[in-house]
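The values are calculated or read from the model by the stated rules, or taken from the named source; none is laboratory data. Treat the numbers as computed from the prediction; the structure is a model and nothing was measured. Every residue, glycine among them, receives a Cβ derived from its backbone with ideal geometry; neighbour counts consider all protein chains shown. The protein model used for the area step is the full one, side chains on, heavy atoms only, and it has no ligands, DNA or RNA in it. Shrake-Rupley method; radii C 1.70, N 1.55, O 1.52, S 1.80 Å.
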Number of protein chains: 2
Amino acid sequence: MEVTRKNFSSVLPEVEKAINEADFLSVDTEFSGLHASNSFHISPLDTPEERYHKLRKGSSDFLVFQVGLCTFCYDKENSTYEAKPFNFYVFPKPYSRAAPDCRFLCQSSSIDFLASQGFDFNKVFKEGIPYLTSMQESELRDFLEERHKQYTQFSSPAFVTPDSGAEAVTTKGPIEIPEEHKEFIEGICNNIQEFLDKEGEESLSLPSCNGFVRKLIYQTVRQRFQSRVHLGAKTNEKKQRLIVVTRIKSEDEMKKKELEKQSTELAELEDAVGFSKVIRLISQSGKLVVGHNMFMDLVHLLHRFCSKLPENYQEFKAMAKCVFPKILDTKLMANTTPCKELLPSSVLGDLLKHIYSPPFKKPEVVIPENFPRYDIDDSNLHEAAYDAYITGICFTGMSSFLGGLQKPPLSYVPPDAPVVKPFTNKLFLMRVADVPYLDLEGDDVLPSRDHVFHITFPKEWKASDLYQLFSPFGNINITWLDDISAYVSLYKRDQSSTVMSTLCKRDARYKILTYELFKNGFKDKESRKRSHAPESTEEEPKKKKPLNVESVTPPMPEENGNKAEEEKMAADSTSEQQPNEQKMFEVPAW
Amino acid sequence: MEVTRKNFSSVLPEVEKAINEADFLSVDTEFSGLHASNSFHISPLDTPEERYHKLRKGSSDFLVFQVGLCTFCYDKENSTYEAKPFNFYVFPKPYSRAAPDCRFLCQSSSIDFLASQGFDFNKVFKEGIPYLTSMQESELRDFLEERHKQYTQFSSPAFVTPDSGAEAVTTKGPIEIPEEHKEFIEGICNNIQEFLDKEGEESLSLPSCNGFVRKLIYQTVRQRFQSRVHLGAKTNEKKQRLIVVTRIKSEDEMKKKELEKQSTELAELEDAVGFSKVIRLISQSGKLVVGHNMFMDLVHLLHRFCSKLPENYQEFKAMAKCVFPKILDTKLMANTTPCKELLPSSVLGDLLKHIYSPPFKKPEVVIPENFPRYDIDDSNLHEAAYDAYITGICFTGMSSFLGGLQKPPLSYVPPDAPVVKPFTNKLFLMRVADVPYLDLEGDDVLPSRDHVFHITFPKEWKASDLYQLFSPFGNINITWLDDISAYVSLYKRDQSSTVMSTLCKRDARYKILTYELFKNGFKDKESRKRSHAPESTEEEPKKKKPLNVESVTPPMPEENGNKAEEEKMAADSTSEQQPNEQKMFEVPAW
């Protein structure tokens, strides 16, 4: 079901009902870009924490254009799921002049990709549902209450225009009317006097003029006509701001009018919270939220609809856990044994096709009549609600398969079943070779990287120089960091212990460090910089047991279809690069 | 005439003809936002140079969505103008994987404003004409030529995939095939061998796979099948990248195929230059280009279609002058005596209405049949071509009025007439109180600011504290810089000389500096920072004669309709603030 600003308030109760009735929910988002610059590109040696910081710095300035939510409710009698897919178009239209005026980033290739998928940008920008984070909402509420209080106290109402934004509260005092505006303001006062004398019209619209002049008008008129007129703000169809003067007969009428205005303002703020209410409903339900390759989706959902992303990684985990107590990433499930061995590709579109064939069993899913029917083909791919819908199907498909392996086999696998639990609150990490997942519930599994070395070398060096340097230790894998540095990983891990003694200081042209030493040096610098926010990564990482369904084999980059996965996240050519070609180039600021 | 990617190449000759036949041209642009943050807001005490730096830093990350060009050709026989308005939708779609992937900023309020004006975002993003700056074009051309040369030399073609971007040139050597990809690559080689053996199909599409694997395929296949197959890149309708293998019978056929491919690539690059060709045609014509309040339009046109904006202000002037040898700002004309006294508002829509009434004479303008008729009403305002069209009309209206004042009166005023010349190459400066214009042809007119003082004070201070402090010197005007600093200007300039001796060091809570001292201190710091780019502003500003039509009275902020002007530039609530309320607040990075 398509949800825009036009039908949001009427559909919201249905969304709430669907969430409350659901057994689990699935989500997907479409956004305006992927990487603010190439320097935020992911690397196969990113730790979960490093990956988070890259996403926070490199992706959070992009905007969410569309959020898909699909609720799944199991019907035991018929052994079917009822799915309700909602497709929300969202846009942070500033609801008033006090509301934040968001600046956001777009990436041409991502916009072009969405365009090629038939994405409707007019619907986003013209009919997108507004939203506010809790922080923004409470700031605006404080601001309104402060202004309403000021009105009640009548201390200095003249200095605050009704629409001038939060900063008006901190205005530095009354304004001297500049010479060039005096005649105009006098004219306005004369008009108001005439309007009051005539007793005909009920209200008078003043000519549109700029914010400063409006401020002067508020100040002067309130001084001169204190309890005889009420001033209100209006925006005409040309988006011009007008002041409307209304006749007031008594002090009581004035108060009543003001109270009416105040409650209208509070109602407008309530509307402005908009789509964030859906996220709050999801959060309050505490239900399992499923996503596919959902790290970036999660980061955007939190950042745009809940609160600014914390700098501290542990705080991010706490925040994610608090907003979404249970999440599950189907890409992790698909890349974990035993599903992994049966799925040649975990790209969403491909995954769905595999789930429909043996040994998986096509899940029975029905969509109620008042929702649009989704054909299971690729034509709707990249529409957030469709992607959320098939993500949910993939989840039920894989979890019933896992249930079928149990003894005795389970006919229905609820979202809190023991076979599902090992996957909850773990996020798949794209293209990380040796870390199985980001663990939202505890410390991350950080494997030994004793076979990895950091090396700095002259700019002229090519791969062949590194191959030659490391030739005594067998084959290597190079992860370029920039033109003059790289990580080198040994295939033969047992050779690791001899590298430093053999290569260290043999040649002044290069400098080699163990991975651990390089990271700790780097981390020390980092933690000195942010000593107010101690990172838990400074502690010794605890070894954790792997997922208990069966041991997790690290999800390696797929041989095929990786591009499609990138496309799911919006077309981005460079992030397709693999370890060996991963070199960083700053995007020129064209 | 609407021009998009679809009809651009067929319309371009008509655009060229119209430019070449025209007597003068007018332009207007629509963009994705105004100010990257509130700290780039304009101040009434900005010098032209400061204003340029604010625009460069605070506006150049926004994108141009639409460019309007209207050509005006005078028909002496009928004393009418023929106007040809072209409305170009432009978007920097990356034309290939080597092309720059632009990141751009949007401002919610501006997008919302465009949306309210019925702007078609789908047309921009789906059908926008691409463009490249000269620098981008020559970099891409060099890259192509380098690759074509590499092919000719056949030195190491295997290491360069045909679509991997400029960085491929600097690739650090051959890639070792990782263990996990060996089987897949072997399979591909077997498929190609089978395809060659069978002699049936003419070409073979390999399965879509990621960029790294494609690189491995190129490398391996070229080694093994050197002159027997040709490999080409293809993007299918799902935006997946494929390799297409074609059978090659002889070395000559191979060369021919490669040359064909090379000329296709060069033609693609030619297409990618796109809209920049229009700007080059305008530039080459050397004709007068008219705009309304065109500083920001000029900055965007240069930045997006010509070259990155220079840091140095004098270089900016030189660049502007080089690209557009003659420009004219109708807003400056309207705010200069004698037009100024006859025009209550110089906001574009209002200006047009005034030009249609006495003492101005409605210009006779006809639009040829194959162009859409523009009704002169507000319904098309903010469509770039319409705004360019009425800007041109305003120009002819004002210039014939000025011609009529001559003795003897001129019946036709050509764009190089002596009454027009004083306005050429000068840009109107929005809301600057005492600088008449930015002069692209020489040093700016910088008036004395001996009556202006910079003051730092405790955060608690309000306007009343400043009024009190300065009470010995009469009325003052405050320009807030932030919570703890402001410029204070005296109304009574003759009091200026006593301020420093009276106020300096009387009280430790504040610190006061003359405007000159504050600016020079600041400038010294600035020039130390950028000693490689000496700013000419360090020189003593020369006094210049005012415009010679009649003396220029400084264009003051308008009492009315200022909002409409802001709206012309896209809705931005905060920039509407006037001197007295100008306080800076960083936009929180929500």
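Remarks
- The listed peptides A:42-48, A:134-140, ordered by packing as a protection proxy, come out as A:42-48, A:134-140 (highest mean of other Cβ atoms within 10 Å first).
- Global form of the stretch B:29-104, assessed from the alpha-carbon gyration tensor, a/c cut-off 1.5: oblate
- Heavy-atom accessible area buried between chains A and B is around 8200 Å² (1.4 Å probe, both sides summed).
- Surface per residue (accessible, 1.4 Å probe) for the stretch A:313-408, Å²: 39
- For B:PRO372, inter-copy label distances in nm, listed shortest first [label point 7 Å out on the Cα-Cβ vector]: 2.7
- Within 10 Å of the Cβ of each residue in B:5-12, the mean number of Cβ atoms contributed by other protein chains is 0.
- A simple packing score, the average count of other Cβ atoms within 10 Å per residue, orders the peptides B:465-471, A:288-294, B:127-133 as A:288-294, B:127-133, B:465-471, with the highest score first.
- Cα centroid separation - the stretch A:240-295 against the stretch B:36-77, whole Å: 36
- Relative contact order for the stretch A:23-90: 39 percent, from Cα pairs under 8 Å spaced at least 6 residues apart, divided by residue count.
- With 20 Å as the limit, the listed pairs A:LYS331/A:LYS362; A:LYS462/B:LYS255; A:LYS149/A:LYS182; A:LYS182/B:LYS459 have A:LYS462/B:LYS255; A:LYS149/A:LYS182; A:LYS182/B:LYS459 beyond it between alpha carbons.
- Each copy carries a label point for A:PRO447 at 7 Å from Cα along the beta-carbon vector; from one copy to the others these points are 7.2 nm apart, nearest first.
- Non-local lysine pairs in the stretch B:1-127, meaning eight or more places apart or on different chains, with alpha-carbon distances under 14 Å, amount to 6.
- Prolate/oblate/rounded label for the stretch B:348-483 (Cα gyration tensor, a/c 1.5): prolate
- Count Lys and Arg as plus one, Asp and Glu as minus one, and take only other residues whose Cβ is under 11 Å from that of B:TYR412; the net charge is then -1.
- Take each residue in A:461-471, count the other chain C-beta atoms within 10 Å of its C-beta, and the mean is 2.
- The stretch B:1-144: C-alpha gyration tensor shape, a/c 1.5 cut-off, then a/b vs b/c: oblate
- Among the residues of A:95-103, the average count of other protein chain beta-carbon atoms within 10 Å of the residue beta-carbon is 6.
- Sorted on the mean count of surrounding Cβ atoms within 10 Å across their residues, most packed first, peptides A:483-490, A:280-287 read A:483-490, A:280-287.
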